1. For Cα pairs less than 8 Å apart in space and 6+ apart in sequence, what is the mean separation divided by the residue count of region 327-411, i.e. the relative contact order in percent?
2. If you wrap a convex hull around the Cα atoms of region 152-223, how much volume per residue is inside, in Å³?
3. Per residue, how much space in cubic angstrom lies within the convex hull of the C-alpha atoms of region 298-351?
4. Give me the percent relative contact order of region 139-240, please, defined on Cα pairs under 8 angstrom at least 6 residues apart.
5. Per 0.36 nm of contour for each residue apart, how much would the distance between Gln95 and Ala382 grow if the chain were fully extended, relative to their Cα-Cα spacing?
6. Run through every distinct alpha carbon pair of region 220-336 and return the Kirkwood hydrodynamic radius in angstroms, one decimal place.
7. Distance from the Cα centre of region 187-227 to that of region 320-363, in angstrom?
8. Can you give the extra length, in nm with one decimal, that the chain gains between Thr274 and Arg196 once fully stretched, where that is 0.36 nm per residue apart less the Cα-Cα distance?
Amino acid sequence: MMSPGRRTFSLLRGWTGDQRAWSWSRSWSRFRSFSRSRSRSWSRSWSRSWSGSSSSCLFTDSDSSGAGLVLRSRSTDVYQNLALEDWIDAHVDLQQRSILLLWRNRPAVVIGRHQNPWTECNLPAMRVLGIPLARRRSGGGTVYHDLGNLNLTFFASRKEYDRPRNLKVVTETLRRLRPGLNVRATDRLDILLDERYKISGTASRLSRKSSYHHCTLLHSADRSTLSTVLRPSCPGIHSNATPSIPSLVANLIDHAPSLQWEELLEALVDQYNTEFGLSSAAALVDPTDESAFPGLGGVAAELRGWDWTFGRTPKFSVQTLLQLTDDRPPARCSARLHVEVKSGRVESCELDVPTDWLPAPLSGELSDALLGEKFCPHGAAAVVAALLRSESGRRRVRLRNLCDAVLSAMG
């Protein structure tokens, strides 16, 4: 873990680091070790001292009017937990009770509903590290999740929707636990530590009658992985998607090293009850239990799908230079790539390649072959392979170089 004095930058409701080269083998080794150790401690911590109601009857108690409920998800799968949020919002009568959901995920990157993943995160790095990408249904910016980050979701009726009051639960909890911590909620509804370090970002979703507001809380996240994955994938993107905004971030344990998970979790529940005048029941829930959450598995499957994660990206274009090299004259040149992407697929593609490096019909064939394909290396790989099989010799070598450069530009 980095020392408190080390600076790390964040994206709005997410975090990124200073620009430096990282060794992939080192990052991967650290990632696997981090995941194994955190998963073990998470399982022990999350299950200890929490029993409460059975999840199959949590939302059907006849005397629940006006009551609150605190849930802790057993899952550390980002798609299951996001689906659990959606399930509660869709199936629970939030006119009758408010709910606080506490959840953590194994390493994942989560983008807002209206964001562009190619501009928000380093997709090649995430593939190397085995870190999934998820698009949530709320707005806001990009976040990196791991087991050192706590997610809190406040469910209420739309009439009772109150983000500042929800954040007050978090700030008052931290002040009670460690009076020396200087924390406050900003006008942007983030939480700052020492007036400069962001420790929490926030987003929400409003329906006709219900609402949920979720926020992060950085306790002990792996900031080296965070800084590696929250960088743009592709140069030259022009998009109207919601951008994230850089901020300095810190972990709570950087400033309160003795702050333990159970201490933090129990204090948050107490403060939630105090703030809203509740005596909320507490229960562990398992999102994979279809008897308790019928249909939730289908929602999680939708959130995992390419069509939702990438296909829902607002229309964007890519205009960039591709550097091409060969061992014969002309051995080096630049090509221009202009791609229009709609619903995550190539809507139009123009390649301007010097004709003394590659004949125009070949670059035109590549442009035509990419139309309608997913804007991603794996999606276009089969098309590229078929095109290459039709060529041989020097033309094939140079066409391969061009294809590789185009696929690299796709992230």
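1. 24
2. Considering the Cα atoms of region 152-223, their hull volume per residue is 93 Å³.
3. For region 298-351, the hull spanned by Cα atoms encloses 90 Å³ per residue.
4. So the answer I get is 35 percent.
5. On the way: separation 287, 0.36 × 287 = 103.32 nm, distance 5.13 nm.
Full extension from Gln95 to Ala382 adds 98.2 nm.
6. Over region 220-336, the inverse of the mean reciprocal pair distance is 20.8 Å.
7. 41
8. Stretched fully, the Thr274-Arg196 segment lengthens by 25.3 nm.
The values are calculated or read from the model by the stated rules, or taken from the named source; none is laboratory data. Quick caveat: nothing in here was measured; it's all calculated off a predicted structure. Cβ coordinates were reconstructed from backbone atoms using ideal geometry, including for glycine residues, and neighbour counts include every protein chain displayed. The accessibility values were calculated without ligands, DNA or RNA, using every heavy atom of the protein model including side chains. Shrake-Rupley method; radii C 1.70, N 1.55, O 1.52, S 1.80 Å.
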